[in-house]
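See below for the structure under consideration.
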Amino acid sequence: MRIGIEAQRIFRSHKHGMDVVALELVKAIQNIDTKNQYYIFIKKDEDNSCLKSTPNVKVIETSSYPYIIWEQIILPIYAWYYKIDLLHCTSNTAPFFCPCPIILTLHDVIFLEKRKGKNTMSWYQKFGNLYRKWLVPAIIRRTVKVITISHQERENILGLTNLENQKLEVIHNGVSKNFGHKIPETLAFEMSEKFLLGDEFALFLGNVEPRKNTPNLLKSFVAYAQNHPDFQLVITGVNRKFVADQMPPNSSNILKRQIITPGFVSQDELTFLYSYAKVFLFPSLREGFGLPILEAMSQGTPVITSNTSSMPEVAGDAAILIDPNDPTQITAGMEKLLKNNTLRQELRLKGLERIGHFSWENTAKKYLEQYYSILSIKPHEEVILQSA
């Protein structure tokens, strides 16, 4: 088989969730399949060392055209030039016209849902949402198969589109092997100094999108911090002004003394923060999957997350589940967890067991099964039968 994989943005330095998923999937395929020929189509960018060609996996760096031009014009041309048998588009959208069949990973349909709360997206994000709203309902009728990442999201997709039930499959994401290892003490000390961390802190991965539920998270932390003046909250991914604008009234002292905003953090820094946090807070209102839940668990960190959307499917019984719309429940979850060493250890062990259900190797094998099925080719036994 000659398989093309669209991984347009995985060379950018600040990778988002879908970029990470595409990168991990391709690396897993490299490890388990040496028989078929793969062509990975990527726009040129800074981090071109994160994926290298191997004998049967060729990384194709393309010029950095604007997103829509690259996807709708450049990508089909490359698919034609390399005589691709099947094109896998990994990030919600795909070319409307293509010389070969397309399999699409549709991570979520949040962009088709009515937005709640203040819209804090940039003009670029708003334009991207409009593009997806126009393209996705049409393109999913033209693909041979659509893959989504959770059973909850499968129901959302079927409820918001006219996609045929039998055309939609679920393949869970995995958790990266970049996590799950111990941070050397010297490096941990350096990072603690860099971020001005005390002995105890909670971790929250920030985002400007309303669905990340930052205001309720901050309300809950302020309520907790009033009785725990030495406990800190680390919020990554957003600037301090954004956090200040979301803070409850009369909480400037807590913002000044107990909230750390490092902005974007590297892979090593994120691993450190996961490892040393007393609790990982993920009270999102809506997720297609919730990969950070597994990342935190792989570092042995207990998790508090939402009882809605896909989060219970990912977390299982290995996390404290709360109503994300009720800040008092988040606070109560922190109080319960942080004063109970036995509960923390129980959730730590359950989390480490839970991540065993989500590996990129198994994810890659399931995608390979789909590739073979679509092209009606008998799979290589050494690749596919191992996933049984």
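The values are calculated or read from the model by the stated rules, or taken from the named source; none is laboratory data. Quick caveat, the model's predicted, so the values are computed rather than measured. Reconstructed Cβ throughout: ideal geometry from the backbone, glycine too, with neighbour counts over all protein chains shown.
What pairs come up if the first residue lies in the stretch 90-116 and is touching a residue at least 60 places away in the same chain (Cβ under 8 Å), the second is part of a helix (DSSP H, G or I) and hydroxyl-bearing (Ser, Thr, Tyr), and their beta carbons are under 8 Å apart, counting only those six or more places apart or on different chains?
Close Cβ pairs satisfying both conditions: Ile103/Tyr371.
Taking Lys339 and the conditions (1) among the basic types (Lys, Arg); (2) modelled with pLDDT under 95; (3) within 30 Å of Leu104 (Cα to Cα), which numbered condition does it fall short on, given that it satisfies the others?
The single condition Lys339 does not satisfy is (3).
Only one of (1) more than 17 Å from the chain's Cα centre (by Cα); (2) closer than 22 Å to Lys336 by Cβ; (3) not basic (Lys, Arg) fails for Tyr274. Which number is that?
(1)
Among the candidates Phe201, Phe195, Phe189, single out the residue that is hydrophobic (A, V, I, L, M, F, W, C) and within 13 Å of Gly263 (Cα to Cα).
Values: Phe201 fails: within 13 Å of Gly263 (Cα to Cα); Phe189 fails: within 13 Å of Gly263 (Cα to Cα).
The match here is Phe195.
Return the residues of the stretch 229-251 that are surrounded by fewer than 16 Cβ atoms within 10 Å (Cβ to Cβ) and either closer than 18 Å to Phe201 by Cα or free of Cβ contacts under 8 Å to residues at least 24 places away in the same chain (or both); say none if nothing qualifies.
The answer is Pro229, Asp230, Arg240, Lys241, Ala244, Asp245, Pro249, Asn250.
Condition first: closer than 24 Å to Leu130 by Cα and in a helix (DSSP H, G or I). Can you find one or more residues in the stretch 44-67 that meet it?
yes
Within the stretch 144-157, track down each residue that is assigned to a helix (DSSP H, G or I) and over 26 Å from Ser376 (Cβ atoms).
Scanning the stretch 144-157 gives His151, Gln152, Glu153, Glu155, Asn156.
Scan the stretch 12-39 and report the pairs whose first residue is in a helix (DSSP H, G or I) and whose second residue is hydrophobic (A, V, I, L, M, F, W, C) and at pLDDT below 90, with Cβ atoms within less than 9 Å and a gap of 6+ or a chain change.
Qualifying pairs under 9 Å: Ile32/Val383.
If you go through the stretch 77-114, how many residues are within 21 Å of Tyr372 (Cβ to Cβ) and β-branched (Val, Ile, Thr)?
Filtering the stretch 77-114 for residues within 21 Å of Tyr372 (Cβ to Cβ) gives 79, 82-90, 94, 98-106.
Pick out the ones that are also β-branched (Val, Ile, Thr) and you get 84, 90, 102-103, 105.
Going through the stretch 77-114 one residue at a time, the tally reaches 5.
Among the residues of the stretch 75-130, which ones are part of a helix (DSSP H, G or I), crowded, with 17+ Cβ neighbours inside 10 Å and modelled with pLDDT of 95 or more?
Leu75, Pro76, Tyr78, Ala79
Within the stretch 215-228, is even one residue more than 21 Å from Ser310 (Cβ to Cβ), within 20 Å of the chain's Cα centre (by Cα) and crowded, with 19+ Cβ neighbours inside 10 Å?
No, the stretch 215-228 contains no residue that is more than 21 Å from Ser310 (Cβ to Cβ), within 20 Å of the chain's Cα centre (by Cα) and crowded, with 19+ Cβ neighbours inside 10 Å.
Residue by residue through the stretch 158-170, note down the ones that are without any contact (Cβ under 8 Å) to a residue 12 or more places away in the chain, farther than 25 Å from Trp360 by Cα and not in a loop (DSSP other than H, G, I, E, B).
Leu158, Gly159, Asn165
Looking at the stretch 50-74, which of the residues that are out of contact with any helix residue (DSSP H, G or I) (no Cβ under 8 Å at 6 or more places or on another chain) and in contact (Cβ under 8 Å) with a residue 24 or more places away in the chain is surrounded by the most Cβ atoms within 10 Å (Cβ to Cβ)?
Top of the filtered list is Glu71.
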